[in-house]
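The values are calculated or read from the model by the stated rules, or taken from the named source; none is laboratory data. Since the structure is predicted, the reported quantities are computational estimates derived from the model, not experimental observations. So basically every Cβ, Gly included, is an ideal-geometry build from the backbone, and we count neighbours across all protein chains shown. Heavy atoms of the whole protein, side chains included, go into the accessibility calculation; ligands, DNA and RNA do not. Shrake-Rupley method; radii C 1.70, N 1.55, O 1.52, S 1.80 Å.
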Amino acid sequence: MAAHDQAAVLACIRKHHERLDFEISAETGAPLAAVRQFGSELVAKGAVIACVVTRFNDGERIDASLYRVAGYVPPPAPGRRSRPAST
């Protein structure tokens with residue numbers, strides 16, 4: 001995998017904050033095996049967090065690795081918030 005492909009993989013993860021390995025492969029054009037190898041290198045460096053997920057799409061089982069930018073906390077969901085009790 002070329003250095004520019006590695007940069008594209010990291011840029012894709014940073015752009016979307018969280019992405020499945022096959023989505024990164026489709027977006028960057030890099031082979032799936034290369035995306036997984038570079039993902040493990042990024043995990044070792046501490047740049048991303050990875051976990052193995054299983055999803056079902058119309059009854060079809062999909063096993064993939066999910067990569068998320070390390071230290072990224074998604075914004076709170078919209079809606080009402082409970083207020084602290086006033087004394």
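Looking only at the stretch 1-25, filter to residues that are among the aliphatic types (A, V, I, L, M) and loosely packed, with under 14 Cβ neighbours inside 10 Å; which one of those is nearest to Ala64 (Cα to Cα)?
Ala11
Could you run through the stretch 16-50 and say how many residues are under 15 Å from Tyr72 (Cα atoms) and under 10 Å from the mean Cα position of the chain (by Cα)?
Matching residues across the stretch 16-50 total 7.
I'd like the full set of residues that are among the small types (Gly, Ala, Ser) and open to solvent by 40 Å² or more (accessible area, probe 1.4 Å), limited to the stretch 26-42.
Ala26, Gly29, Ala33, Ser40
Out of all the residues in the stretch 1-18, is one or more hydrophobic (A, V, I, L, M, F, W, C) and touching a Pro at 6+ places or on another chain (Cβ under 9 Å)?
yes
Being farther than 18 Å from Arg19 by Cβ and of a type outside the set (Phe, Trp, Tyr) is the requirement here; does Ala50 meet it?
When the stated conditions are applied, Ala50 does not pass them.
Restricting to the stretch 43-52, what's the tally of residues that are at pLDDT 90 or above, over 12 Å from Ala64 (Cα atoms) and either in contact with a helix residue (DSSP H, G or I) (Cβ under 9 Å, 6 or more places away or on another chain) or surrounded by 14 or more Cβ atoms within 10 Å (Cβ to Cβ) (or both)?
3
Checking Asp63 against (1) modelled with pLDDT of 90 or more; (2) under 14 Å from Ile13 (Cα atoms): exactly one of these is not met. Which one?
(2)
Give me the pairs, please: first residue somewhere in the stretch 28-48 and more than 17 Å from Arg14 (Cβ to Cβ), second residue anywhere and of a type outside the set (A, V, I, L, M) and part of a helix (DSSP H, G or I), beta-carbon distance under 6 Å, and either six or more positions apart or on two chains.
Note: pairs meeting the criteria are Leu32/Ser25; Arg36/Asp21.
For the stretch 55-80, which positions are surrounded by 10 or more Cβ atoms within 10 Å (Cβ to Cβ), part of a loop (DSSP other than H, G, I, E, B) and in contact (Cβ under 8 Å) with a residue 40 or more places away in the chain?
Matches in the stretch 55-80: Tyr72 only.
Looking at the stretch 1-21, which of the residues that are assigned to a helix (DSSP H, G or I) and among the charged types (D, E, K, R) is modelled with the lowest pLDDT?
Filtering the stretch 1-21 for residues that are assigned to a helix (DSSP H, G or I) and among the charged types (D, E, K, R), the one modelled with the lowest pLDDT comes out as Asp5.
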